[in-house]
Amino acid sequence: MNRAPAIRIADLVVERGGRNVLPGLSLDVHAGRVTGLLGPSGSGKTTLMRAIVGVQIVESGSVEVLGLPAGTPELRARVAYVTQAPSVYLDLTVRENLRYFAALLRVPAERVDASVAAVDLQGHEGQVVRTLSGGEQSRVSLAAALLNEPELLVLDEPTVGLDPVLRRDLWSLFHELAEGGRALLVSSHVMDEAERCDDLLLLREGRIVANEPPGSLLERTGARDLDEAFLKLAAGDG
Amino acid sequence: MTLRATAATSLRVLGQLRRDPRTLALVFGVPSFLLILFRYVFSGQEETFNRIGGPLVGLFPFVSMFVVASITMLRERTTGTLERLMTMPLARGDLLFGYGLAFALVAAVQASLTSAVAFGLLDLDVDGPIWLVVALAIANAVLGMALGLFTSAFAQTEFQAVQFLPAFVLPQILLCGLIVPREAMAPVLEAVSVVLPLTWAYEALSLAVAGETDWRVARDAGIIAGASVVALVLGAATLRRRTP
């Protein structure tokens, strides 16, 4: 990887509610790859993602995104963030939601259709989001992030509650986007998604316990699967 | 700030209201209903109805927009859409002015409907121009919205936000001179009333209703506008891009 990393974090310290959620974390995330951020709930995944998109108050350390400090106004059109809970307007239709976000991102309204198709919601455009299922609502939220084809996508558990077929389709969409040169940081707390990633970041109690492709992780730990690899690392004999 | 983002935000807020016809019916219907009630509570006392009814037409939008705006913004905060907007290319001013435009439009409709009922059906008699009452009603709506957006920052739940109505608005209505003339109040209360924006909103309306449309109305309108700007700036300060 001779390009500058899409995300470069050095000695990041974040406190939330008096607790040291990230006690000093350093990592790189590269463009052109799908990086999985894995770890149990409460390990600091969301906090780390919030720091990357520049909405988290941090104590110290540096977070550089696409060569700029996280939170720089210019990045707001180049980085898309999808929160775990669908952050769309429940009382608007799918199309109304996406048109609004498209207007803010200054992309033509035609992009709405492409986004809807990418998350497989055709036929639901005129439906009020409140009447959609939970999985469909989170796909609307994801569609909003795809509108302007951002250089970095930060997705917090985008596949929770989706059926296996749709999950497979979304992961292939993520890889398509990565092949187009984008960087993707995708969090999950289920290890069976880890093998779909190009790179893995295993987070435990705010610390990185592994940062490598799945294959090398298996090799290094001598584990049969990624679940076992994580357990070995968690026990400290990785 | 861009016109495109402001206009898109206004349309979005109006779209949300359109999907909630019950709220719209309440916003548009309740002031007329209350005026009809006032009219018959004061039947035989036309003078009292005329003195209170006129200013009420202009004060209703303040109250409704305060509630609607604070709940809408609170929802924006609690559902995560505000956090999403804060990661997107949208200036905080776009968001607040977008809200302002949308609610001013709703207030214009509300004030026009209420005026039509008051002056058309209930024979409310005012000496000043009716358009001035409607214009002041719209200005008060913007003031109510701005205060609602600001106070919503201090509510964590919709229950709390609704309680801000009696906590924040009712004292202003009590002290503005509508119920008891300010000169007749205890000096402390009169002094407090001077710094409350609704006092000046009421003064402008009562002058307009009495046909005394002199420089004081312009001064009061200036105070309403100034207080709205201050509340919007304070509101913008509560919209943090970075949160703990």
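Computed from the coordinates by the stated procedures, all read-outs in this text should not be read as laboratory data. Owing to the predicted nature of the structure, the values given are computational and were not obtained by experimental measurement. As a convention, Cβ positions derive from the backbone with ideal geometry for all residues, glycine included, and neighbour counts pool all protein chains shown.
Report the one residue of A:Leu75, B:Ser193, A:Met49 whose Cα lies farthest in the direction of the positive end of the charge dipole of the protein assembly as shown (charges on C-beta: Lys and Arg +1, Asp and Glu -1; origin at the Cα centre).
Result: B:Ser193.
Would you please give the FRET efficiency between B:Arg22 and B:Asp125, computed as 1/(1 + (r/R0)^6) with r the Cβ-Cβ distance and R0 = 35 Å, to the nearest 0.05?
With a Förster radius of 35 Å, E is 0.60.
Cβ under 9 Å from A:Ser43's Cβ, A:Ser43 left aside: what net charge do those residues give with Lys, Arg +1 and Asp, Glu -1?
Once all neighbours under 9 Å are counted, the net charge is +2.
Can you find, among B:Gly29, B:Ser10, B:Phe66, the residue sitting farthest towards the positive end of the charge dipole of the range B:1-92, where Lys and Arg contribute +1 and Asp and Glu -1 at Cβ?
In the range B:1-92, that residue is B:Ser10.
Put +1 on the Cβ of each Lys and Arg and -1 on the Cβ of each Asp and Glu in chain A; which of A:Ser138, A:Tyr100, A:Gly180 then has its Cα farthest toward the positive end of the dipole?
Going by the charge dipole, the pick is A:Tyr100.
Can you give the FRET efficiency for B:Val194 and A:Ser172, using 1/(1 + (r/R0)^6), R0 = 56 Å, r = Cβ-Cβ distance, to the nearest 0.05?
Values: r = 67 Å, r/R0 = 1.19.
E between B:Val194 and A:Ser172, to the nearest 0.05, is 0.25.
Between A:Leu68 and A:Asp192, how many nm apart are label points set 7 Å from Cα along the C-beta direction?
Distance between label points: 4.0 nm.
Quick query: amide H of A:Tyr81 versus all other amide H atoms, modeled in the peptide plane; which residues come in under 5 Å with a sequence gap of 5 or more or a different chain?
A:Val154
Give me the distance in nm between label points sitting 7 Å out from Cα along the Cα-to-Cβ direction at A:Ser41 and B:Val229, one decimal.
Between A:Ser41 and B:Val229, the label points sit 4.8 nm apart.
State, to one decimal in nm, how far the label point of B:Ala108 lies from the label point of A:Asn20, with both points 7 Å from Cα in the Cβ direction.
Calculated label separation equals 5.8 nm.
What value, in deg cm²/dmol to 500, does the helix sum -39500 (n - 2.57) over DSSP H runs of n ≥ 4 give at 222 nm once divided by the residues of chain B? Write down the numbers at each step before the final one.
Working: 11 runs with 182 residues, N = 244.
For chain B, the value works out to -25000 deg cm²/dmol.
Would you mind ranking B:Arg84, A:Arg167 by Cβ crowding within 10 Å, fewest neighbours first?
Ascending Cβ contact count within 10 Å gives the list A:Arg167, B:Arg84.
Would you mind ranking B:Phe154, B:Phe97, B:Phe42, B:Phe60 so that the residue whose beta carbon has the fewest other beta carbons within 10 Å leads the list?
B:Phe154, B:Phe42, B:Phe97, B:Phe60
Using alpha carbons only, how many angstrom separate the centre of the range B:164-195 from the centre of the range B:70-94?
The distance from the Cα centre of the range B:164-195 to that of the range B:70-94 comes to 33 Å.
Where Lys and Arg each count +1 and Asp and Glu each count -1, what net charge lies around A:Leu218 among other residues with Cβ under 12 Å from its Cβ?
With Lys, Arg at +1 and Asp, Glu at -1, the net is -3.
Which residue, B:Thr199, B:Thr114, B:Thr157, has the most motion in a Gaussian network model of chain B that connects Cα atoms within less than 10 Å?
Of B:Thr199, B:Thr114, B:Thr157, the Gaussian network model singles out B:Thr157 as fluctuating most.
Could you work out the local net charge near B:Gly53, counting Lys and Arg as +1, Asp and Glu as -1, over the other residues with Cβ closer than 14 Å to its Cβ?
Surrounding charge for B:Gly53 is -3.
Distance between the C-alpha centers of the range B:34-57 and the range B:201-244? Whole Å please.
25 Å
Could you give the alpha-carbon Rg of the range B:35-77 over 2.2 N^0.38 Å, rounded to two decimals?
Expressed relative to 2.2 N^0.38 Å, the Cα Rg reads 1.64.
Which of B:Ile224, B:Ile71 comes first, and how do the rest follow, when ranked by fewest Cβ neighbours within 10 Å?
Least to most surrounded, the residues fall as B:Ile71, B:Ile224.
What is the calculated FRET efficiency for A:Glu228 to A:Asp163, with r their C-beta to C-beta distance and R₀ = 30 Å, to the nearest 0.05? Provide the component values of the computation, followed by the final result.
On the way: r = 26 Å, r/R0 = 0.88.
So, using R0 = 30 Å, E works out to roughly 0.70.
Taking the Cα centre of chain B as origin, work out the dipole magnitude from +1 charges on Lys and Arg Cβ and -1 charges on Asp and Glu Cβ, in debye rounded to 20.
Dipole about the Cα centre, nearest 20: 1340 debye.
Which value, in debye to the nearest 20, gives the size of the charge dipole of the protein assembly as shown about its Cα centre, when Lys and Arg are +1 and Asp and Glu are -1 at the Cβ?
340 debye
Could you tell me the relative contact order of chain B? Use alpha-carbon pairs under 8 Å, at least six residues apart, and round to a whole percent.
Worked out over chain B, it gives 28 percent.
Rounded to the nearest 500, what is the 222 nm mean residue ellipticity of chain A from helices alone, with -39500 (n - 2.57) per DSSP H run of 4+ residues and division by all residues? Intermediate values should be presented prior to the final figure.
Working: 7 runs with 76 residues, N = 238.
Counting only the DSSP helices, I get -9500 deg cm²/dmol.
I'd like the distance separating the alpha-carbon centroids of the range A:91-133 and the range A:1-64, in whole Å.
Using only Cα atoms to place each centre, the spacing works out to 30 Å.
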